[in-house]
Amino acid sequence: MAETDANAAPKETPPPKAPDRVFLVVIDDTAELQVALRYACRRAWNTGGRVALLHVIEEGEVSPFAGVERLMEEESRQAAEQLMQKMATEVQKLSGSMPVLYFREGNRREQVLKLIEEEPSISILVLGAATTSKGPGPLVSALTGKFVGKMRVPVTIVPGNLTDPDIEKIA
């Protein structure tokens, strides 16, 4: 494999695209997101697959101030769209193709399970594991614990402390 800049795709041509191999990454504000995203991009590049990104806007509590609540929801949507655009650009650089983008509202775990069930093209869920003493994170814990039986695809858990060279070696 050719040497690469840590933030750029390799100079060689990627393998032909395989439309049935889609790596789903859940976009959130965690530190381990970047590791999961990079891993998914490199796996997609090396296997001719594609990356899909899911952002879930979690529902807030019902507020007696409906106008304020609508404004906050709109601001959340705008922030989510900006974040997804930024992540899509990064995916384009690292995987060689634009990702499929999904936006959902509700409980993150429920929406991940629902999307995987609805979209037969999704073949692998890639999650980053937190490196804190609190554990791997709520989504990793839920989807590898009592909800693992509801999954129809494998889950790849990427340790949040991997470096870019580590990911290049294993992806």
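Every number here is computed from the coordinates shown, using simple stated rules; none is lab data. As the structure is a computational prediction, the values presented were derived from the model and not from experiment.
In Å, the Kirkwood hydrodynamic radius of the stretch 22-170 over pairs of distinct alpha carbons? If you can, show how the numbers build up before the last one.
Numbers: mean 1/r = 0.0626 Å⁻¹.
Every distinct Cα pair counted, the radius reaches 16.0 Å.
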Computed ³J(HN,Hα) along the stretch 54-59: with the Karplus parameters 6.51/-1.76/1.60, θ = phi - 60°, integer Hz and x for glycine or proline, the list is 10, 10, 10, 8, 6, 6
